[in-house]
1. State all residues of segment 121-149 that are touching a helix residue (DSSP H, G or I) at 6+ places or on another chain (Cβ under 6 Å), exposed (fewer than 14 other Cβ atoms within 10 Å of the Cβ) and not in a strand (DSSP E or B); if no residue qualifies, say none.
2. Can you name the residue in segment 175-198 that is in contact (Cβ under 8 Å) with a residue 24 or more places away in the chain and outside any strand (DSSP E or B) and is also nearest to residue 124 (Cα to Cα) among such residues?
3. Restricting segment 88-115 to residues that are surrounded by fewer than 16 Cβ atoms within 10 Å (Cβ to Cβ) and farther than 22 Å from residue 53 by Cβ, which is modelled with the lowest pLDDT?
4. Residues being within 30 Å of residue 141 (Cβ to Cβ) and surrounded by 19 or more Cβ atoms within 10 Å (Cβ to Cβ): count how many of those fall in segment 155-195.
5. Which residues, counting only those in segment 65-79, are buried (at least 18 other Cβ atoms within 10 Å of the Cβ) and under 15 Å from residue 110 (Cβ atoms)?
6. Filter segment 32-74 down to the residues that are closer than 23 Å to residue 89 by Cβ, touching a helix residue (DSSP H, G or I) at 6+ places or on another chain (Cβ under 9 Å) and in a strand (DSSP E or B) and list them by number.
7. Among the listed residues 165, 118, identify the single one that is part of a loop (DSSP other than H, G, I, E, B), in contact with a strand residue (DSSP E or B) (Cβ under 9 Å, 6 or more places away or on another chain) and at pLDDT 95 or above.
8. Among the residues of segment 95-115, write down those that are under 24 Å from residue 192 (Cα atoms) and in a loop (DSSP other than H, G, I, E, B).
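The values are calculated or read from the model by the stated rules, or taken from the named source; none is laboratory data. The structure displayed is predicted, hence computed values, not measured ones. FYI the Cβ positions are ideal-geometry reconstructions off the backbone, even for glycines, and counts take in every protein chain you see.
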């Protein structure tokens, strides 16, 4: 009985032993978004500074320990005045809330050619809410310099007022200047983390 119990404990404790840790490669990744302007057009932007990583177990097809932090002040919509407004207290209030962060614990069934839902939490503007990413795992490869890479895309949609980002203006003919729904689009390359130096 004791032997059987020991075997079970060993199997459970080693369940994540084969997981590989990856770090996002910002130079080959993009965190983008899109929101309606004047109820008609879509304004697109991105955040140019972010860090993060996750663990992936190829054997069990399990993604875990997802943690990505994005610097609010790095927002870029290709219009300086608009970007300055976005980081102001009217919107993100970057001076008070310098980062947003997405965290997810574990999801199985992550394999090439399959889109999976990755539930997690997004902390933005001092508010933490559940958000689910639709993740498209593109596969893994080794680049010409010997770095192991894993590539994926992810999308989500959030309502900005859920996070206290509510600034708007009404238009004379009806409607508002800035849409409520924000579409998130992520294109990411990640690199296998190197062992820490001893």
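1. Initial filter on segment 121-149 (touching a helix residue (DSSP H, G or I) at 6+ places or on another chain (Cβ under 6 Å)): 124-125, 127, 129.
Now restrict to residues that are exposed (fewer than 14 other Cβ atoms within 10 Å of the Cβ): 127, 129.
Within segment 121-149, none qualify.
2. My answer is 177.
3. 113
4. Residues that pass the stated criteria total 5.
5. At the first step, the residues of segment 65-79 found to be buried (at least 18 other Cβ atoms within 10 Å of the Cβ) are 66, 68, 70, 72, 75.
The answer is 66, and nothing else.
6. 35, 43, 45, 46, 47, 50
7. Values: 118 fails: part of a loop (DSSP other than H, G, I, E, B).
Among 165, 118, only 165 is part of a loop (DSSP other than H, G, I, E, B), in contact with a strand residue (DSSP E or B) (Cβ under 9 Å, 6 or more places away or on another chain) and at pLDDT 95 or above.
8. Those that are under 24 Å from residue 192 (Cα atoms) and in a loop (DSSP other than H, G, I, E, B): 109, 110, 111, 112, 113, 114.
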